[in-house]
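Asks: Sharing a structure with you now.
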Amino acid sequence: MPMQRRTFLRTTLTLGGLSLVSQDLFALKYYPQPSNKKIAIIYSTWCGSSRDAAVWISEGMGGIADVFDVREEPTIEYFDHIIIGGSIRYGQVSKELCSFLENHKEELRKKVRGYFIVCGNMRKPVGTEEKVKYIDKHLATFCGVENLPSRVFNGRVTKRLLDNETRALIERFEDYDDLRRSLCLDYGAELLKAMF
Ligand SMILES: Cc1cc2nc3c(=O)[nH]c(=O)nc-3n(C[C@H](O)[C@H](O)[C@H](O)COP(=O)(O)O)c2cc1C
């Protein structure tokens, strides 16, 4: 049953509380296909690019991975395999993702199986340079696990989703959408192959 894992997690997260729903309402949930594999994709996003990448990576695995915004604080204990990803602002992933990774470093070290990054890269195609900068020298350092299957994806900007201050900063730039679902699906398939 696709609901079971979420139900388990919600129950775990609210132990000690009477309300199962009111404290833990999240607008987006992704219910995976039934599977005996316990895989989580944990992402951080401001405007949704990394959320979509995470969902598409799961789809590339046949839809069997649970997908969580890091702000949900998923229970790592429940999963055997974890993929970590996030979007870049000013050269870094969000502070929420950094804190989560630092706080769970030891548990993650044994379970992390891959990394992904979504960035604008001034609309230039991403390559080795961005992989080194954002994955090897940034994301991978939090967990201390290197050389895992990883990807950097070109992202997108949707100005109407930005807060006023940030929108004013990039006023002269146009919206763009360089995130490609097919690349995320391919990465999901590659991860699955590497894991099992
Ligand atoms: C304020 C701001 C700062 C950004 N800084 C960077 C950056 O340093 N390097 C980069 O490659 N892209 C940068 N980007 C582009 C984002 O990484 C890209 O738009 C990404 O798709 C956003 O992901 P999200 O939709 O998950 O928030 C920035 C975008 C914004 C709005």
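Values in this text are rule-based calculations from the coordinates and carry no lab data. Predicted model only: the values in this text are computed from it and were never measured. Note that we place each Cβ from the backbone using ideal geometry, even for glycine, and neighbour counts take in every protein chain shown.
Asks: Ordered by residue, what ³J(HN,Hα) values in Hz, to whole numbers, does region 51-68 give under the Karplus form 6.51 cos²θ - 1.76 cosθ + 1.60, where θ = phi - 60° and Gly and Pro are x?
Replies: 5, 5, 4, 5, 5, 5, 5, 4, 4, x, 8, x, x, 9, 9, 6, 10, 10
Asks: Still on this structure, I have one more. Per DSSP H run of n ≥ 4, the term is -39500 (n - 2.57); total these for the chain, divide by its residue number, and report the mean residue ellipticity at 222 nm rounded to 500 deg cm²/dmol.
Replies: So the calculated ellipticity at 222 nm is -9500 deg cm²/dmol.
Asks: Springs between alpha-carbon atoms under 10 Å, Gaussian network over the chain: tell me which of GLY62, GLY91, GLY155 tops the mean-square fluctuations.
Replies: Comparing GLY62, GLY91, GLY155 in the GNM, the peak value goes to GLY91.
Asks: Continuing with this model, one more query. What are the extents of the Cα atoms of region 38-150 along their three principal axes, listed from largest to smallest and rounded to whole Å?
Replies: Rounded to whole Å, the extents work out to 38, 28, 24 Å.
Asks: Which chymotrypsin sites (Phe, Trp or Tyr not before Pro) in region 88-142 pass both tests, a DSSP loop state and at most 13 other beta-carbon atoms within 10 Å?
Replies: Within region 88-142, the qualifying chymotrypsin sites (Phe, Trp or Tyr not before Pro) (loop, at most 13 other Cβ atoms within 10 Å) are TYR90.
Asks: Pick out, in residue order, every one of the trypsin sites (Lys or Arg not before Pro) in region 117-196 that is DSSP loop and has at most 14 other C-beta atoms within 10 Å; say none if there are none.
Replies: Loop-located and lightly packed - ARG172, ARG180.
Asks: For the chain, which span is the longest to avoid every loop-located (per DSSP) member of GluC sites (Glu not before Pro) having at most 13 other Cβ atoms inside 10 Å?
Replies: That gives 1-145 as the longest site-free run.
Asks: Once phi is turned into θ = phi - 60°, what whole-Hz ³J(HN,Hα) does the Karplus curve with 6.51, -1.76 and 1.60 give for every residue of region 179-184, x standing for Gly and Pro?
Replies: Per-residue couplings from phi come out as 6, 10, 4, 4, 5, 5 Hz.
Asks: Straight-line reach from LYS137: which lysines have Cα under 26 Å away, leaving out those fewer than 8 places along the same chain?
Replies: Partners found: LYS95, LYS105, LYS110, LYS111, LYS124, LYS193.
Asks: Further question: What number does region 123-188 give for Rg over Rh if you use C-alpha atoms and the Kirkwood radius?
Replies: 1.05
Asks: Using alpha carbon coordinates only, what is the Rg to Rh ratio of the chain, with Rh defined as the Kirkwood radius?
Replies: 0.96
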